[in-house]
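Undergrad: For reference, the structure I am asking about is given below.
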Amino acid sequence: MGMKASSGCTDVYKEVQSGRITWAIYKINDQLTEIVPDCTGDGNYEQFLRTFPSNDVRFAVYNFGEVNGRANTVVFYYWEPDSARVKSKMLYASSREQFRGLLEGVAANIYANTVEEASREAVLARVN
């Protein structure tokens, strides 16, 4: 069974979905009891990618704005670098689908181990 998401998670997602903020990163809290917003931002895509930790797992959402005629195109990210601890990978993996299910209207799901796999071009190619 996965981790429960804090009430702030969906509030932050709605901010991203509406375009009020561009992106949000989510993490499992230090007590390992729930998923919480880690940080949010309005920077460009490269700044967004730089917020991913090099050695830990994260969930994220990014609003690309209009893509293929769809306004506020939001993409969900599951970031799992190879260097992340096995325990962290297991905790996030067991919570991913449940958390993703809370986020309505996501245009694509991206599972990335490297920044290259999460490149803007690779991600936009997956948006339909």
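The values are calculated or read from the model by the stated rules, or taken from the named source; none is laboratory data. Remember, it's a predicted structure, so these values are computed and weren't measured experimentally. Cβ placement follows ideal geometry from the backbone for every residue including glycine, while neighbour counts extend to all protein chains displayed. The area values use the complete protein model at the heavy-atom level, side chains included, leaving out ligands, DNA and RNA. Shrake-Rupley method; radii C 1.70, N 1.55, O 1.52, S 1.80 Å.
Undergrad: Can you give the direction-averaged projected area of the convex hull of the alpha-carbon atoms in the stretch 55-128, in nm²?
TA: Averaged projected area of the stretch 55-128's Cα convex hull equals 4.7 nm².
Undergrad: With axes computed from alpha carbons, what is the tilt in degrees of helix 7-18 against the longest principal axis of the chain, rounded to the nearest 10 within 0 to 90?
TA: Roughly 20 degrees, rounded to the nearest 10.
Undergrad: While we're looking at this one, here's another question. At R0 = 22 Å, how high is the FRET efficiency between residue 11 and residue 70 if r is their beta carbon distance? Nearest 0.05 is fine.
TA: Given R0 = 22 Å and the Cβ-Cβ separation, E is 0.45.
Undergrad: Under a 1.4 Å probe, what is the accessible area of the stretch 1-59 per residue, stated in Å²?
TA: 51
Undergrad: Lysine pairs in the chain 8 or more apart or on different chains: how many have alpha carbons under 17 angstrom apart?
TA: 4
Undergrad: How high is the relative contact order of the chain, in percent, counting Cα pairs under 8 Å that sit 6 or more residues apart?
TA: 24 percent.
Undergrad: Give me the percent of accessible area attributable to carbon and sulfur for the stretch 11-122, probe 1.4 angstrom.
TA: Carbon with sulfur: 46 percent of the solvent-accessible area.
Undergrad: Wrap a convex hull around the Cα atoms of the chain, take a quarter of its surface area, and give that in square nanometres.
TA: If you wrap the Cα atoms of the chain in a convex hull and average its projections, you get 7.0 nm².
Undergrad: How far, in degrees from 0 to 90, does helix 86-101 lean away from the longest principal axis of the Cα atoms of the chain, to the nearest 10?
TA: In the chain, helix 86-101 runs at an angle near 50 degrees to the longest axis.
Undergrad: If you don't mind, there's one more thing I want to ask. Tell me the net charge near residue 88. Cut-off is 9 Å between Cβ atoms, residue 88 excluded, with +1 for each Lys or Arg and -1 for each Asp or Glu.
TA: +1
Undergrad: Considering amide H positions built from the backbone, and no H for Pro or chain starts, which residues 5 or more places from residue 5, or on another chain, come under 5 Å of its amide H?
TA: Answer set, sorted by chain and number: 35.
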